[in-house]
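Student: I'd like to ask you about the structure that follows.
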Amino acid sequence: MSSVIDQAVQARLIAITPRSRVIPASLHYDRADPFAVRLVFPPVASLDGVEVAWTFGRDLLAEGLREPAGAGDVQIWPSGSDAVVVEFHTAVGMAVVQFEGQDLRSFLARSYEIVAEGDEAQHLDVEADLAALLREA
């Protein structure tokens, strides 16, 4: 079984003007970083033509599928019958993106096949991570 998941999804960028538009995105999960989910928007999806990537907790995604979650740079909540809204905050602005809830639930289920919910700490290599940090110091 692979230890990495890359899943293409479509998102709807919620905007006042010009108007909302559908943009591509990719969800990424890697057993080597078992607590994290990475959401990548390709250059075509950004205003300045640069790839944008956000990394946040897998548990935040799971909670946000059920109820409003997050108090920092990433906030997630269910919306309507099967949509999920993800709001991103930076020092220079914010973006609001809507996903099909089923796409996110499917991705999350696939990630649990790689690392079961609650077993994340068993997949960390603390000694290797500490050695890498000490080499960089």
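Student: Sorted from largest to smallest, which semi-axis lengths in Å does the alpha carbon gyration tensor of the stretch 1-74 give for its equivalent ellipsoid, taking the root of 5 times each eigenvalue? Can you show the working numbers first?
Tutor: Numbers: eigenvalues 108, 56, 23 Å².
Sorted largest first and rounded, they come to 23, 17, 11 Å.
Student: Just subtract the alpha-carbon distance of D119 and D73 from 0.36 nm times their residue separation and send over the number in nm, one decimal. Present the calculation step by step, with values, prior to reporting the outcome.
Tutor: Numbers: separation 46, 0.36 × 46 = 16.56 nm, distance 2.55 nm.
Between D119 and D73, full extension yields an extra 14.0 nm.
Student: Which of the GluC sites (Glu not before Pro) across the stretch 32-137 are loop residues per DSSP, with 16 or fewer other Cβ within 10 Å? The partial results should precede the final answer.
Tutor: Numbers: sites: E51, E63, E87, E100, E113, E117, E120, E127, E136; in loops: E51, E117.
Sites meeting the loop and neighbour criteria: E51, E117.
Student: Now, a different point. Provide the gained length on full extension for the span A32 to L133, in nm with one decimal, where the gain is 0.36 nm per separating residue minus the Cα-Cα distance.
Tutor: On the way: separation 101, 0.36 × 101 = 36.36 nm, distance 1.59 nm.
Gain in length upon complete extension: 34.8 nm.
Student: Also, quick follow-up: Which order do L134, L27, L65, L47 take by accessible area at a 1.4 Å probe, largest first? Show your work: numbers first, answer last.
Tutor: Values: L134 120, L27 5, L65 25, L47 175 Å².
Putting L134, L27, L65, L47 in descending order of accessible area: L47, L134, L65, L27.
Student: Which angle from 0 to 90°, rounded to the nearest 10, does the C-alpha axis of helix 101-114 make with the longest principal axis of the chain?
Tutor: Tilt relative to the chain: about 10 degrees.
Student: Can you bin every Cα-Cα distance in the stretch 64-117 into 5 Å intervals starting at zero and give me the percent of pairs per bin, rounded to whole numbers?
Tutor: 5, 19, 24, 21, 18, 9, 3, 0
Student: Given a 1.4 Å probe and the protein chains all in place, what does the accessible area of D125 round to, in Å² to the nearest 10?
Tutor: 90 Å²
Student: At q = 0.11, 0.14 Å⁻¹, what log₁₀ I(q)/I(0) does a Debye calculation on the Cα points of the chain give, no solvent, two decimals?
Tutor: -0.44, -0.69
Student: How high is the relative contact order of the chain, in percent, counting Cα pairs under 8 Å that sit 6 or more residues apart? If you can, show how the numbers build up before the last one.
Tutor: Numbers: 231 pairs, mean separation 27.8, N = 137.
Dividing the mean separation by the residue count of the chain yields 20 percent.
Student: I need the calculated FRET efficiency for the pair D48 and V9, taking r as the beta carbon distance and R₀ as 35 Å, to the nearest 0.05. The partial results should precede the final answer.
Tutor: On the way: r = 22 Å, r/R0 = 0.62.
Efficiency at R0 = 35 Å is approximately 0.95.
Student: Whole number in Å², please: accessible area per residue of the chain, 1.4 Å probe, ligands, DNA and RNA not counted.
Tutor: Numbers: 8260 Å² over 137 residues.
Normalised by residue count, the accessible surface of the chain is 60 Å².
The values are calculated or read from the model by the stated rules, or taken from the named source; none is laboratory data. Being a predicted model, the structure only gives us computed values, none of them experimental. Backbone-built Cβ (ideal geometry, glycine too); neighbour counts: all protein chains shown. Accessible surface is based on the protein model in full, side chains and every heavy atom, while ligands, DNA and RNA are left aside. Shrake-Rupley method; radii C 1.70, N 1.55, O 1.52, S 1.80 Å.
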